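Report on the structure given below.
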Amino acid sequence: MTSAEPNLPAFGLLLGADGLTVRRSGVGRVILEAARLLRADPAVAELRLLIGAAAEPPDLVDRLDAIPPAPDRGLSPLRVALSAVPGLARLRSLGLRRRLDRVAADMAVRTGRPVLYHEMNTIARPFSGPTVVTVHDLSFRADPALHPPARVAWMERRLPATLRQASRFAAVSAFTKAEMVARLGIAPDRIDVVEPGLAAEFRPTEEAAAAPVLARFGLADRAYVLAVSTLEPRKNFDRLLAAHLRLPAPLRARFPLVIAGGRGWGNVLEGADAERAIAAGTLRLPGFLPDADLIALYGRAAACAYPSLYEGFGLPALEAMACDTPLVTSATSALAGTAGDAALKVDPFDTAALSSALRQVLEDEALAADLRARGLIHASRYTWTRMTQGLIACWRRALS
């Protein structure tokens, strides 16, 4: 049965949506697409988007273009320290719980339906009703050095309360589910695998349509290697640059490395090699890009590289394949499954192997064409409708 069938009871939904109003990452994209579909789904009697302690109406998604995204500066040491003060943390938790409980009670009165809270990003707000939590990855547990110490401390402090509160969990991949069982001790039957999807906008782009964007960035068609993500240590961009520098000089000059993403944390692409490559024009850092520019760059790249050290799913890998771009990615963490058989997969710690894979894709036109064809087929299996139906099924289990 589908969520739209009338004999299935509807419910109210509080959806954790903090990722909508900051510089949008993969988590933010998942929240945006879920909100767009859920507000029109008959399974959801009423939807409210939680931004901090505020419960916003679902038309917030129509107003995002008018709201300048705030940079996601992460968690300051002061905020982490304050969260460790027992009395202060408890008072804040009680206040937030009262606010959310009151919002849920009002929704229940208006709709005559039960109300559920879904946190889309691992750490739940305090709430007295049924709670479902999406876990995107456990990199902070697998290797704490991949995150700022303040973030890890805050996550570890807040995680036990979330584990106690959650009725069920959603994992974005089978890999993440296995990590949750192994690292958090959650029973497998409490976890549903609900994979992200792809928006229709992520599709092949004709050369003429992309030409103005490429011209703005000084790029030639099918003549650059693209990487997309926030610049932080986990994304492995320093090693990607080292792999690009191992390419023969003529090939490196013909196919500059373009890394599109805002600055995160850590000293990434800030050494002498990066400075020389930027000066030579073989490394381009355009920063965070709007979707229209990003899709054009995806669609006309000679190759896309996503050698992340740890991913719970790896949405940029799927976006590249959907845009008809051959992909080189990691053979580890969730990326091995996300890429399927439609990419060249390498050990992300092996610079020589990464460089060799890039060279293969750039020099072997038949291989690149084969990866493009397989990537399009593979990416077509992932839709946001499929994801929201999976979430609704998970919520019904939590309510039952």
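Every number in this text was worked out from the coordinates using simple rules, so none of it is lab data. These figures come from a predicted structure and were not determined experimentally. Cβ sites come from the backbone with ideal geometry, for glycine too, and all protein chains shown count toward neighbours.
Miscellaneous remarks
- In units of the rule-of-thumb radius 2.2 N^0.38 Å, region 335-387 shows an alpha carbon radius of gyration of 1.31.
- Kirkwood Rh in Å, taken over region 121-207 so that all alpha-carbon pairs contribute: 14.4 Å
- Placing a pseudo-label 7 Å from each Cα along the Cα-to-Cβ vector at A209 and A89 gives an inter-label distance of 5.0 nm.
- Computed as a quarter of the hull surface, the mean projected area of the alpha carbon convex hull for region 125-169 stands at 3.3 nm².
- Three semi-axes describe the equivalent ellipsoid of region 207-379; taken as square roots of 5 times the Cα gyration tensor eigenvalues and ordered largest first, they are 20, 19, 16 Å.
- Take every Cα pair under 8 Å whose residues are at least 6 apart in sequence, average their separation, divide by the length of the chain, and the relative contact order is 16 percent.
- Remark: the A369-A145 segment gains 76.9 nm on full extension, using 0.36 nm per residue and subtracting the alpha carbon distance.
- Potential lengthening of the chain between A220 and D59 amounts to 54.0 nm, from the contour at 0.36 nm per residue minus the alpha-carbon distance.
- Extending 7 Å from Cα along the Cβ direction at E156 and again at D273 yields two label points whose distance is 3.0 nm.
- By the Stokes-Einstein formula, at 1.306 mPa s and 10 °C, region 137-296 with its Kirkwood radius over alpha-carbon pairs has D equal to 85 µm²/s.
- Dividing the summed -39500 (n - 2.57) terms of all DSSP H runs of n ≥ 4 by the residue count of the chain sets its mean residue ellipticity at 222 nm at -13500 deg cm²/dmol.
- Where labels lie 7 Å past Cα in the beta-carbon direction, separation of V193 and A105 in nm: 4.2 nm
- Inverse mean reciprocal Cα-Cα distance (Kirkwood Rh) of region 264-305, Å: 12.1 Å
- Spherically averaged projected area of region 263-332 from its Cα convex hull (nm²): 5.7 nm²
- Computed log₁₀ I(q)/I(0) - Debye formula, equal Cα scatterers, no solvent, the chain, q 0.10, 0.14 Å⁻¹: -0.68, -1.26
- Take the Cβ atoms of R246 and L285, set R0 to 25 Å, and the FRET efficiency comes out at 0.80.
- Segment A174-R263, extension gain: residue separation times 0.36 nm, minus the distance between their alpha carbons: 29.1 nm
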